[in-house]
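Undergrad: Dropping the structure in here first, questions after.
Nothing in this text is a laboratory measurement; each read-out follows from the coordinates by a stated rule. Everything numeric here is computed off the predicted structure, so don't read it as measured data. Cβ atoms come from the backbone with ideal geometry, glycine included; neighbour counts cover every protein chain shown.
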Amino acid sequence: MNTQTELRSPMSQRPHIISKAKDRTGIGANVGIEVNGEKLSVPMGKTILEICRENNVHIPTLCYHEDLCIAGNCRMCVVEVEGMKTLQAACAFPVTGPVKIRTFSNKVRKARKHILDLLLSEHYGECYSCVRNNNCELQSLAKEYGVDGYEFGHVCESRFEIDKTSHAVVRDMDKCILCRRCVRTCIDLQEVGVLEAIYRGYDTMIGTFMDKPLADVICINCGQCINRCPTGALHANDPSDDIWKAIEDPSKHVVIQTAPSPRAAIGEEFGLPPGTSMTGQLNTAIRRMGFDRVFDTNFSADLTIMEEGTELLNRLKSAIVDKDKSVMLPQFTSCSPGWVKFIEHFYPEHLNYLSSAKSPQQMFGAVIKTFYAKEQNIDPKDIVTVAVMPCAAKKFECNRPEMNSSGYKDVDYGLTTRELAKMIRETGLVLPELPKSNFDEPFGEASGAGLIFGATGGVMEAALRTVYELVTGRQVPFKNLNIEACRGMEGIKQASVKLENCVEQFSFLEGVELKFMVAHGTANAKTVMEMLLKGELSDFHFIEIMGCPGGCIGGGGQPIPTSELIRKLRAKAIYDEEASLPVRKSHENPRIKYIYEKFLTDGPCGKLSHKLLHTHYQKRGKFIS
Amino acid sequence: MQNLKRNKMNTVFEKQNRSGPILFSKYDEGSGIEKALSMDRNEILNELRDSKLKGRGGAGFPTSSKWMIVAAANDEKKYVICNADEGEPGTFKDRVLLSEYPELVFDGMTIAGFTIGAEEGIVYLRGEYTYMLSYLESYLEKMRQSGRLGKNVLGKEGFNFDIIIRLGSGAYVCGEETALIESLEGYRGEPRNRPPYPVNTGFMGHPTIVNNVETFALIPHIVLKGGTWFCENGTDRSTGSKLFSVSGDCENPGVYELPWGTTIKELLAIVGAENAKAVQVGGASGVCIGKKDFNRSLAYEDAATGGSIMIFNDSRNMLQILKSFMEFFVEESCGQCTPCRIGNVKLLEGVEMIEKGEFTFEYIEKLKDLGRTMQIASKCGLGQTSPNPFISTLENFKEEIFKSKAEGALT
């Protein structure tokens, strides 16, 4: 899924890649091997682990993650290969000849048990006091191998201070088993490189630059490391206690908005298969928990489309009609706070390309504490806004000092999907069994365009539906409004649509080939930025970037585990639900029309919009003080 | 054997006192390269094959196989890397070779470059040997002046070769060839997954041969005098001679060139250590051999070593020796794989338990078992060999170690 050819991880963290024969029937393309006595014909160059997984032979792993390059350092997956003196790591051993493999001989099982015993001897803490209890790979392996005691002792004292400085990610190195998935996630998947192994031997630990707190380094808060941590060493900064307090405080009016991605994934926390949509049930659960109102972030996603789409048209007009050289094109989306912080750190001189529109979360917060407060006659200081997000970076975003255009903190708490699931479990509610219910008014209706924000390419698709129609007066020329070019898990996608027979207001766009690009994961974002700097994107107009692989459905606040298949299933849930919605274009959402009539009366990108719904960015750079 | 000189601690000034069948014999600067350039590449590889030369770093991989793979590889770039990260405790032969016989090492590398089709050679010099750097650089400059390095080496049209020196920073694990390459590439010195081996995917992803200093130093002699001549010394499976770094309780510590197959007893007689109680063969990761096994011979097929011979007499406490080795491994494990990172700590803790008399034999056996797992499950040679002293010392010296402690044992 990573479109880059050059990975930044050292070779020690990478597998041996054998170029595979295209024609599987050719001589040498397949090789006959034996796994536990069973004869198999397998493609040359596949690793033992891949072969075993495909043939339902279970091999335990810890440092292996299918999204990441291969390290081979936990040694849990060792197997016996006949003729070799030492055991081989199944994840890193490509089959190139007719080998005989044993995956559970006495030697192998003993080695794995020893490795587990060693890891447990250094793993401080108890399972029942861990955020990952019952969803921990170390714990389940301990069960698998019947660990019933600490063979080589157990640490009884904490050795590391928990790093809670970041709004998004909490690091508890006492629980770290040094599998380095986080390191590989940060450097390869996300091209950030905040985390690295430091010191040597027994003193090795995962650290940051000069071992500084996470808040002080160039972490983009995407939380992808959390999703890939096998233990509880990394988790999100949980605000649920404060939210419970606000719920029980009678003077507070607690409003929650739920983003599109959590509802497509939260079922996983309750044992449902990935891709089970829980929209209606989630609304009921939230109401029963005691929230005063439950709103749909899709409404503000529609609002974002109106603002961002209008901004794009304004930029196009300035560039084409006014020949204004200071206008930057292509315009980049700004909904993903991970991506925003990435560009602030890594390309601080190019912030002008970013749309000034706030993310849907922040727009909603600002609207709730102004328009909604006024309509409902509630003092905004008594309103507590909570945002359920698939995202760890949203916690940082709502704490940005500039996010207070309503006069108050626009969004008080960012809550991840996992944390909301925990809160629901605390109530004893069984989410899948709850009746369905709708969102609350006055933002009770949203368009499908807002819903698909959750998947990579969704913002682009939603924006195109609106922009094309505004410009030409006709629907986008795609079957069922589905812009397939925007969909799918390819790292970088691009396409174009020709604007013809434009309405008079936009006649300057007549004949323009609107070129757009979609990228997800900041590694791909980096590739796009490098293309931009080389001038390869000068004829592009609009680029969507999501900080996390797969877009929001693969966000750092989503249920664990994650994989490309899981992300695809979640995306499918969103697209399926969207297809059945009555309104599928942001500008046709009646509530959007209402807010522009009643409140934002000078229209999209008008004066009030600019005050409430747009923001500015900081040139952060890479300097760490 | 009778002709062997007894050398005291080596200094640059003692070269004239050294003698030995191969390395410490006479060699004219550049003559090896000259001969090699007059030969066909395959001829060189055949001589190398006939010599049955095995890598002198300790692992003993046949040098000709390594070279043949790289020579046959189809890549625009290939590299010759000389592993001069001499970090194994008790080894100091490479220091002698580099400071007294640089012509052998660099000529060997140049011949390697010619044979496999590489244009760049890199010496990965141990950080502690920084003091040698300016001397070696000036020697390389001399070679360039005389045409033994650079464009069209010694007038051989189309053969360009140069050598650069890179410094390590003191990590023991960087002597492991893949960790060495990682370090050269600028990363943290950590071993890679094998396969791929450096001969396929080495420095910067190109086919690379990594050989020990001593291996390269032998090449000019083999090229000049032939593989069959080389086999005159040593045993059938361990041909040629070996440099032994002898240290510890003996009259004449130093570097000796002896044929493979010399028994420990013979070596002890030569260095003046008749009252030795134990000999650590192969450095910290080697094995500790007691008196009753002094008839064993030093060879790949018996007591293999990269050159380190440490001699201990009756005044030494074997448990303390073991403890210092285990402390070394705890310190020097790279920390990447689980068995080595934590396993060595557990073994050291076991030694400390024995020291205090607070142990059970059951637990010690459990630790030996853990050691055997480390030997087969660790990612690289470091973790695979670090339990050796633990297992061999506790086995070979159990009377001494447990005699006084057994009373204090909990069982």
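Undergrad: Would you mind checking the radius of gyration and Dmax of segment A:116-236 based on alpha-carbon positions, in Å?
TA: Gyration radius and largest Cα-Cα distance of segment A:116-236: 14.3, 42 Å.
Undergrad: Please average, across the residues of A:78-88, the number of beta carbons from any other chain that are within 10 Å of each residue's own beta carbon, and give a whole number.
TA: 3
Undergrad: Restricting everything to alpha-carbon atoms, can you work out Rg to Rh for the protein assembly as shown with a Kirkwood hydrodynamic radius?
TA: Working: Rg = 33.9 Å, Rh = 32.2 Å.
Reported Rg/Rh, Kirkwood definition of Rh: 1.05.
Undergrad: May I have the convex hull volume per residue, in Å³, for the Cα set of segment A:409-490?
TA: 194
Undergrad: Mind scanning A:K323/A:K498; A:K100/A:K526; A:K498/A:K619 and naming the pairs with a C-alpha gap bigger than 31 Å? Spell out each step's value before the answer.
TA: Values: A:K323/A:K498 21 Å; A:K100/A:K526 43 Å; A:K498/A:K619 35 Å.
Violating the 31 Å limit, Cα to Cα: A:K100/A:K526; A:K498/A:K619.
Undergrad: Across segment A:425-435, in residue order, what do the Karplus-derived ³J(HN,Hα) couplings come to in whole Hz, using 6.51 cos²θ - 1.76 cosθ + 1.60 with θ = phi - 60° and x for Gly and Pro?
TA: Coupling constants for segment A:425-435: 4, 4, 7, x, 6, 9, 3, x, 9, 6, x Hz.
Undergrad: Turning to a different aspect of this structure: Starting with the fewest neighbours, write out A:K107, A:K526 ranked by other beta-carbon atoms found within 10 Å of each beta-carbon.
TA: By the 10 Å Cβ count, ascending: A:K107, A:K526.
Undergrad: Using only Cα atoms, tell me the angle between helix B:102-116 and the longest principal axis of chain B; keep it within 0 to 90° and round to the nearest 10.
TA: 70
Undergrad: Other chains near A:113-120: what is the mean number of their Cβ atoms within 10 Å of each residue's Cβ?
TA: Mean shielding count: 6.
Undergrad: Diagonalise the Cα gyration tensor of segment A:183-295 and give the resulting equivalent ellipsoid semi-axes, square root of 5 times each eigenvalue, largest first, whole Å.
TA: 35, 19, 12
Undergrad: Counting only other residues whose beta carbon sits under 9 Å from that of A:I33, what net charge do I get with K and R as +1, D and E as -1?
TA: +1
Undergrad: For peptide A:90-96, how many partner chain Cβ atoms fall within 10 Å of a residue's Cβ, on average?
TA: Mean shielding by partner chains, rounded to a whole number: 2.
Undergrad: Taking Cα pairs under 8 Å and at least six residues apart, what relative contact order does chain A come out at, in percent?
TA: 16
Undergrad: log₁₀ I(q)/I(0) of chain B at q = 0.07, 0.10 Å⁻¹, via Debye over equal Cα point scatterers, no solvent, to two decimals?
TA: Cα-only, vacuum Debye calculation for chain B: -0.33, -0.67.
Undergrad: Hey, another quick one. Could you pull out the GluC sites (Glu not before Pro) across segment A:353-412 that fall in loop regions by DSSP (anything but H, G, I, E, B) with no more than 15 other Cβ atoms inside 10 Å? Let's see the in-between values first.
TA: Numbers: sites: A:E375, A:E397, A:E402; in loops: A:E402.
Within segment A:353-412, the qualifying GluC sites (Glu not before Pro) (loop, at most 15 other Cβ atoms within 10 Å) are A:E402.
Undergrad: Apply the Karplus curve 6.51 cos²θ - 1.76 cosθ + 1.60, θ = phi - 60°, to the phi angles in segment B:365-376 and return the couplings in whole Hz, x for Gly and Pro.
TA: Karplus-based 3J(HN,Hα) across segment B:365-376 equals 5, 4, 5, 4, 4, 4, x, 5, 5, 4, 4, 9 Hz.
Undergrad: Now for a separate question. Show me the chymotrypsin sites (Phe, Trp or Tyr not before Pro) within segment A:480-537 that DSSP assigns to loop and that have at most 12 other Cβ atoms within 10 Å of their Cβ. Display every interim value, and only then the final one.
TA: On the way: sites: A:F506, A:F508, A:F516; in loops: none.
Hits after loop and neighbour filter: nothing returned.
Undergrad: Sorting B:K156, A:K611 on the 10 Å Cβ count, fewest up front, what's the list?
TA: Going from sparsest to densest Cβ surroundings: A:K611, B:K156.
Undergrad: Give me Rg over Rh for segment A:92-145, both radii from the alpha carbons and Rh done the Kirkwood way, two decimal places.
TA: Numbers: Rg = 15.1 Å, Rh = 13.4 Å.
Rg divided by Rh gives 1.12.
Undergrad: Residue separation times 0.36 nm, minus the C-alpha to C-alpha distance between A:S326 and A:R109: what's the value?
TA: Gain on stretching A:S326 to A:R109: 71.6 nm.
Undergrad: Just tell me which aspartates and glutamates come within less than 13 Å, Cα to Cα, of A:K113; anything on the same chain fewer than 8 places away is out.
TA: A:K113 reaches A:E144, A:D148, A:E151, B:D369.
Undergrad: Quick one: among B:A171, B:A278, B:A269, which has the greatest mean-square fluctuation in a GNM of chain B with alpha-carbon springs under 10 angstrom?
TA: B:A269
Undergrad: Restricting to bridges with both residues inside the protein assembly as shown, how much of the DSSP beta-bridge set is antiparallel, in percent to the nearest 5?
TA: If we restrict to bridges inside the protein assembly as shown, about 50 percent are antiparallel.
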